[in-house]
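This report concerns only the one structure given below.
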Amino acid sequence: MCPRGGIPVCSTIELIWAELALTTSFLFLSQTSIVFSLEEGPGVLFKALAVFAMRSINLTKIESRPRRKKPMRVSEDSSNGSPKYFDYLFYVDFEASMADPNSQNALRHLEEFATFLRVLGSYPADNSLT
């Protein structure tokens, strides 16, 4: 806390700065990680990422991995044979906290067409590189 001679005493200014640092680091210097999956189709990933762009939310990482339990999917609209597609999980990190209404709205929008969506967590962003 604010040790002074062994007794934890803080001035009002020190308390305000401490509270402000906690609030701003949670709301403005936070990062959130999510994972989601989508149906196969043209422009579906673009549509998913656009929910962040429309709200000026910066993405810091995008990674795709085939689903572990069911990596392949047979297309139902195929007339010649059976083309197969990989089902992917998309891992995305973005610069916003889940306490931010803007990021909540983005995830609500994404949830409308994602087949799976999970928030992995919000945490303070690492600003040591900037």
- Message: Let me spell it out: the conditions are (1) within 29 Å of PRO124 (Cβ to Cβ); (2) modelled with pLDDT under 80; (3) surrounded by 13 or more Cβ atoms within 10 Å (Cβ to Cβ), and PHE28 meets all of them except one. Which number is the exception?
- Response: (3)
- Residues in the stretch 91-110 that are buried (at least 19 other Cβ atoms within 10 Å of the Cβ), at pLDDT below 95 and either more than 17 Å from LYS61 (Cβ to Cβ) or not polar (S, T, N, Q) (or both): how many? 2
- Note on the structure: In the stretch 32-72, anything among the small types (Gly, Ala, Ser), surrounded by fewer than 14 Cβ atoms within 10 Å (Cβ to Cβ), outside any helix (DSSP H, G or I) and at pLDDT 95 or above is listed as SER56
- Query: Mind checking whether some residue in the stretch 77-90 is outside any strand (DSSP E or B), at pLDDT 90 or above and in contact with a strand residue (DSSP E or B) (Cβ under 8 Å, 6 or more places away or on another chain)?
  - Reply: no
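The values are calculated or read from the model by the stated rules, or taken from the named source; none is laboratory data. Just so you know, these numbers come straight off a predicted model, no measurement behind them. Counting neighbours? That spans all protein chains shown, and the Cβs are built from the backbone with ideal geometry, glycine included.
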